[in-house]
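Report on one structure; see the data block that follows.
Rule-based calculations on the coordinates, nothing more; no lab input. Note that the structure is predicted; figures quoted are calculated from it, not measured. With ideal geometry, Cβ positions are generated from the backbone for all residues, glycine too; neighbour counts draw on all protein chains shown.
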Amino acid sequence: MKVITLSNEKGGVGKTTMSVHLAAGLAIKGYRVLLVDADPQGHATLLFGLPKEPGLHDLLVKGAPFQKVLKVIPPEQIEIPGETVGGRLFLLPGNLLTREISRELTDLRTIRDKFRQLESALDVIVFDTSPTPSPLHAWIGVATDGVVIPTLCEMLAFDGVRESLLHREVFVKHKQSLNLPGIELWGIVPTRFKSQTLEHPDMLEQLKAAFGDVVWTPIPDRILWTEAARAYRPVFSYAPGTTAAKDAWKMVNRTEEVVFNAAP
Ligand SMILES: Nc1ncnc2c1ncn2[C@@H]1O[C@H](COP(=O)(O)OP(=O)(O)OP(=O)(O)O)[C@@H](O)[C@H]1O
Ligand SMILES: [Mg+2]
């Protein structure tokens, strides 16, 4: 089981959109996936049309069993018409009570140990996180095998990337103190990319110069992504065959390659 965390300490860069798409895409491809909504905004929960609930909070603070808090996402919601969903998708919802978790937990290992209980039932867990740093990020960091950092090709978003990378180093130290392996940097993903601007291509070059191959193919800004969100569906099931759907698949395939060493 692999644990992927999506992070960027800048808001609105596409973390939740990407979490939902890579979770749904990997489920379509046959993986057993859990998406954890670890942002008090509860946006990953909302993107599946589900009510915000204290799922993560109840699991960690109240000791609720996984069966009580996990939601099954029906395959019909993510499937591409005419194709079957090969795996399964579960969601652990969140709401404002997620903010309280930090106050209640003291042990760095708690979140890791809790989710490792699902080792034989799942292939991958995806954590969607909030842009605001918090102790919860540190505990999720200890549970994380690798991070993917979506970013706009804009100055403030790059600052968010830098801050996230600095915090990753701290979380790696926490993991080392617990004799756990480090945290991979699986990808920095330019999102909502506008090739016709001067700023985005220029900033993309800067990103590539600094990080090289870790920078993935940019995901262009297209209206279909917001339309699909309004329909509570991933873009590849809302508008299969479109350029936006193809962009989304490229991102899912790259995730599969880096996380599972799958052939491209
Ligand atoms: N490729 C894209 N093209 C157009 N719009 C997009 C694209 N990707 C994401 N969006 C839109 O951008 C907005 C912000 O995305 P999202 O909520 O995923 O960002 P976030 O980083 O999770 O934000 P926050 O930091 O508040 O949690 C949403 O309205 C989403 O639909
Ligand atoms: Mg979000």
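Summary table
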read-out	value
Where trypsin sites (Lys or Arg not before Pro) fall in DSSP loop in the stretch 146-204, at most 12 other Cβ within 10 Å	none
Relative contact order (%) - criterion: Cα under 8 Å, at least six apart; region: the chain	26
Burial ranking of peptide ranges 108-115, 20-27 (average Cβ count within 10 Å, highest at the top)	20-27, 108-115
Whether the stretch 124-264 is rounded, prolate or oblate, judged on the alpha carbon gyration tensor where a/c under 1.5 counts as rounded	prolate
GluC sites (Glu not before Pro) restricted to DSSP loop in the stretch 215-261 with at most 10 other C-beta within 10 Å	none
Above-threshold pairs, the threshold being 18 Å between Cα atoms, out of Lys2/Lys62; Lys71/Lys250; Lys29/Lys52; Lys2/Lys71; Lys2/Lys52; Lys114/Lys175	Lys2/Lys62; Lys71/Lys250; Lys29/Lys52; Lys2/Lys71; Lys2/Lys52
Nonlocal amide H pairs with Leu70, under 5 Å, H built at 1.01 Å	none
Expected 222 nm ellipticity per residue - DSSP helices of 4 or more, -39500 (n - 2.57), all of the chain, to 500	-13000 deg cm²/dmol
